[in-house]
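Everything below concerns the one structure shown next.
The values are calculated or read from the model by the stated rules, or taken from the named source; none is laboratory data. Because the structure is a prediction, the values reported are computed rather than measured. Counting neighbours? That spans all protein chains shown, and the Cβs are built from the backbone with ideal geometry, glycine included.
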Amino acid sequence: MRRAGKVVAEVISETRLAIKPGVTTRELDLVAREVLERRGARSNFLGYHGFPAVICTSPNNMIVHGIPGDYVLEEGDVISVDCGAIVEGYHGDAAYTAPVGETSAAAERLLEVTEASLWAGIDQLRDGNRLYEVGRAVQKVAEAAGYSVVRKYVGHAIGTAMHEEPQVPNYWPGTPGPGSRSGTSSRSSRWSTSGPSTRSSSTTAGASSPPTGVSRPTSSTPSPSPKAARRCSRSPERLSCPCLGSGGRRLCSLVPRTAVSARRPCELPSQALASGGRRGGMK
């Protein structure tokens, strides 16, 4: 699963570099196909319920699962790219949202708050915690900033199938849900909306429809050491820190400590930053 995730990370990196005004969403799909072929990975999107591409491209007010085609990216657009890969039977699946050139202040703030909600949700994935606390944290950050959360789609577990149980809603459903434990993998989705024309989703955790299939064991990874914590206050110039948005704005300033259990995104373990600390969201 880690190998599949690394391929997905490369797809994210390569497609992000290709996002420019004048590029079509079909061209982004071709970039992703080249990465999969180079790495010997299969697509878990292509052919899924007849889906004709290896990534989903969803510009502006399209929520998720857009089909790459002739749409030409324009300056000021916001686009979500959903990526997947299969390596030796294990699935990787993530998404990110990125601006196209210079975007409006409203779109930029939506991207930043959505990313902040992602980190708030990730902070809830701890041994002994209940799974639906993830959605509660996401909803709390989004609504505190004046946004609403898309409820029709959910995150999901992932392993030897792309969509596995349990589902991970992006809001508080009224019950705490199952317990969480180390060694399991899930992909939680972060969609915040500000109106009919602007939309953002979160990265590394991405977008999905209700999952299919049954729960299967997933690969285990060691719990991060508290000594691995990285604080952006130590190196505020680092653009890799998830607390720095566009123009060097600190995303952690958007998230009250109470919203993330007394930890801001910059205080998350470095392992988490390595796997998902990207701007725009994003999955």
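Some points to look at:
- Complete set of residues in the range 49-77 that are touching a Lys or Arg at 6+ places or on another chain (Cβ under 7 Å) and closer than 25 Å to residue 6 by Cβ: 54, 68
- If the condition is being outside any loop (DSSP other than H, G, I, E, B) and over 25 Å from residue 160 (Cα atoms), then the range 49-63 contributes 58, 59.
- Count of residues meeting criterion [of a type in the set (A, V, I, L, M, F, W, C), under 18 Å from the mean Cα position of the chain (by Cα) and part of a loop (DSSP other than H, G, I, E, B)] in the range 143-162: 4
- If the condition is being surrounded by fewer than 21 Cβ atoms within 10 Å (Cβ to Cβ) and either of a type in the set (Asp, Glu) or part of a strand (DSSP E or B) (or both), then the range 64-85 contributes 70, 72, 74, 75, 77.
- Sole exception among (1) at pLDDT below 95; (2) touching a strand residue (DSSP E or B) at 6+ places or on another chain (Cβ under 8 Å); (3) surrounded by fewer than 16 Cβ atoms within 10 Å (Cβ to Cβ) for residue 1, by number: (3)
- Any hit, the range 91-103, residues being surrounded by fewer than 24 Cβ atoms within 10 Å (Cβ to Cβ), modelled with pLDDT of 95 or more and small (Gly, Ala, Ser): yes
- Residue in the range 100-120 that is touching a Gly at 6+ places or on another chain (Cβ under 8 Å), assigned to a strand (DSSP E or B) and farther than 27 Å from residue 133 by Cα present: no
- If you go through the range 121-142 and keep only what is of a type outside the set (A, V, I, L, M) and assigned to a helix (DSSP H, G or I), you end up with 121, 133, 135, 136, 139, 140.
- Some residue of the range 16-36 being under 14 Å from residue 95 (Cα atoms), modelled with pLDDT of 95 or more and within 16 Å of the chain's Cα centre (by Cα): yes
- For the range 18-38, the criterion of a residue being charged (D, E, K, R), closer than 23 Å to residue 110 by Cβ and buried (at least 18 other Cβ atoms within 10 Å of the Cβ) is satisfied by no position.
- Being part of a loop (DSSP other than H, G, I, E, B), within 20 Å of residue 4 (Cβ to Cβ) and free of Cβ contacts under 8 Å to residues at least 24 places away in the same chain is a description that applies to residue 46.
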